[in-house]
1. Could you look through the stretch 43-92, keep only residues that are touching a Cys at 6+ places or on another chain (Cβ under 7 Å) and at pLDDT below 90, and pick out the one that is surrounded by the fewest Cβ atoms within 10 Å (Cβ to Cβ)?
2. Find all pairs meeting these conditions: Cβ atoms under 9 angstrom apart; at least six residues apart or on different chains; first residue within the stretch 41-67 and in contact (Cβ under 8 Å) with a residue 24 or more places away in the chain and under 14 Å from VAL78 (Cα atoms); second residue surrounded by 11 or more Cβ atoms within 10 Å (Cβ to Cβ) and small (Gly, Ala, Ser).
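The values are calculated or read from the model by the stated rules, or taken from the named source; none is laboratory data. Please read all numbers here as calculations on a predicted model, not as lab measurements. Counting neighbours? That spans all protein chains shown, and the Cβs are built from the backbone with ideal geometry, glycine included.
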Amino acid sequence: MELVERGSHGGLLSCKGFAIFFRYKKMSGRFSRTIYVGNLPADIRESKVEDLFYKYGRILDVELKIPPRPPCYCFVEVVLLLHLISATYGAR
């Protein structure tokens with residue numbers, strides 16, 4: 001996983017060709033636990049998304065979106081986004 005961009009409102013990660021966006025909630029002063037994963041192939045399955053993220057912490061939910069035309073995308077809710085961010089910085 002590679003950090004592509006980081007700003008005051010969140011950041012963008014790249015993992016095996018997928019785009020992962022996490023955002024910062026200014027009102028609560030915390031990062032959202034839900035991340036956006038884009039650029040997914042048309043044949044993606046929920047189990048494949050879980051396989052990509054399980055090593056970074058417990059997954060609460062995967063909401064897969066398969067539009068009529070690719071690319072597909074999903075929202076992944078994790079228990080602690082900090083685990084995902086820490087893993088990203090550690091991989092650099």
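1. That would be LEU52.
2. LYS55/ALA87; TYR56/SER86; TYR56/ALA87; GLY57/ALA87
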